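The values are calculated or read from the model by the stated rules, or taken from the named source; none is laboratory data. Keep in mind that what you see is a predicted model, and the values were worked out from it rather than measured. FYI the Cβ positions are ideal-geometry reconstructions off the backbone, even for glycines, and counts take in every protein chain you see. Areas reflect the complete protein model, heavy atoms only, side chains present, ligands, DNA and RNA absent. Shrake-Rupley method; radii C 1.70, N 1.55, O 1.52, S 1.80 Å.
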Amino acid sequence: WSKIKNLGPTINTEFDEEGPFIGYDGKTLYFSSRGHNGMGGHDIFKATLLDAEQNSWSEPENLGYPINTPDDDVYFVMMNDGKRGFYASVREDG
């Protein structure tokens, strides 16, 4: 492991970013944020590492509905098949 570092203004905002997960491809970052354009609360986003030496990332993409809701959606983990994932969400239906 290495020391943690701020990934820069493309990823980190002045608000909360939580639950980072690097996908099995080694370059897709899934994370939750209150600071990027979302549906409300924490939303789950993904971004792709463009250049490791320059710490360059693509613009975060909101995973949208039905994954994100107006409440908090956090701790997304993608399975190694790239088709299924799991996360925590505050929802009336469980």
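See the values below:
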| read-out | value |
| --- | --- |
| Residues of segment 1-21 satisfying the condition of being free of Cβ contacts under 8 Å to residues at least 40 places away in the same chain and within 9 Å of the chain's Cα centre (by Cα) | Glu17, Pro20 |
| Members of segment 65-94 found to be free of Cβ contacts under 8 Å to residues at least 24 places away in the same chain, among the small types (Gly, Ala, Ser) and part of a loop (DSSP other than H, G, I, E, B), listed by number | Gly94 |
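For every residue, the table says whether it meets (1) part of a strand (DSSP E or B); (2) among the basic types (Lys, Arg); (3) open to solvent by 40 Å² or more (accessible area, probe 1.4 Å).
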| position | (1), (2), (3) |
| --- | --- |
| Trp1 | no, no, yes |
| Pro9 | no, no, yes |
| Pro20 | yes, no, yes |
| Ser32 | yes, no, no |
| Gly40 | no, no, no |
| Ala47 | yes, no, no |
| Leu50 | yes, no, yes |
